[in-house]
Amino acid sequence: MIWEGNLILTPLPQADGRLKNRPALILRRMPPFGDFLVCGISTQLHQKAQNFDEIISPSDDDFQSSGLLAESLIRLGFLAVLPLNRIAGGAVSPERHKRLLKTLGNYLAQSNS
């Protein structure tokens, strides 16, 4: 069963427009068709947006259940919406999932003015 907080492996669009198979975290199931809002995961730790993205490390309690192979960056700024048929994978802790959603929600609620 696919749930929010699951890590998946899926083709995601890259900056150059090409699709690349990469890990992603399911953030929310979206109406009206049940597609999933996901954020990409990268081993390029230097791309971290301070106070926004999170690093998941082998020393973290949820690293093993994630299925990731190396320390990685969960990138809240790398979002995509995927249909159910493009999803399969591991999971992060409910605490990490909740924290990431709160960070993204706070960011989206900020005024640009």
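Please treat every number below as a calculation from the coordinates, not as lab data. All values reported here derive from a predicted model rather than from experimental measurement. Cβ atoms come from the backbone with ideal geometry, glycine included; neighbour counts cover every protein chain shown.
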Of Gly17, Ile55, Leu101, which is farthest towards the positive pole of segment 7-109's charge dipole, taken about the Cα centre with +1 and -1 on the beta-carbons of Lys, Arg and Asp, Glu respectively? Gly17
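Out of segment 15-113, which trypsin sites (Lys or Arg not before Pro) are coil in DSSP terms and have no more than 11 other C-beta atoms within 10 Å?
On the way: sites: Arg18, Lys20, Arg28, Arg29, Lys48, Arg75, Arg86, Arg96, Lys98, Arg99, Lys102; in loops: Arg18, Lys48.
Passing both the DSSP loop test and the Cβ count: Arg18.
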Magnitude of the charge dipole, the chain, Cβ model with Lys/Arg +1 and Asp/Glu -1, debye to 20: 300 debye
I'd like the GluC sites (Glu not before Pro) in segment 14-113 restricted to DSSP loop residues with at most 16 other Cβ atoms within 10 Å, sorted by number. Glu71
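Tell me the relative contact order for segment 7-109 as a rounded percent, counting alpha carbon contacts under 8 Å between residues six or more apart.
Values: 182 pairs, mean separation 30.3, N = 103.
The normalised contact order for segment 7-109 reaches 29 percent.
Going by the alpha-carbon gyration tensor, a ≥ b ≥ c the square roots of its eigenvalues, is the chain rounded (a/c under 1.5) or, if a/c is not under 1.5, prolate (a/b greater than b/c) versus oblate?
Numbers: a/c = 1.19, a/b = 1.01, b/c = 1.18.
In terms of gyration-tensor shape, rounded.
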For Arg22, distant residues with modelled amide H under 5 Å away: Thr10, Leu12
Looking at the chain as a GNM with Cα springs under 10 Å, which of Phe52, Phe78, Phe33 has the largest mean-square fluctuation? Phe33
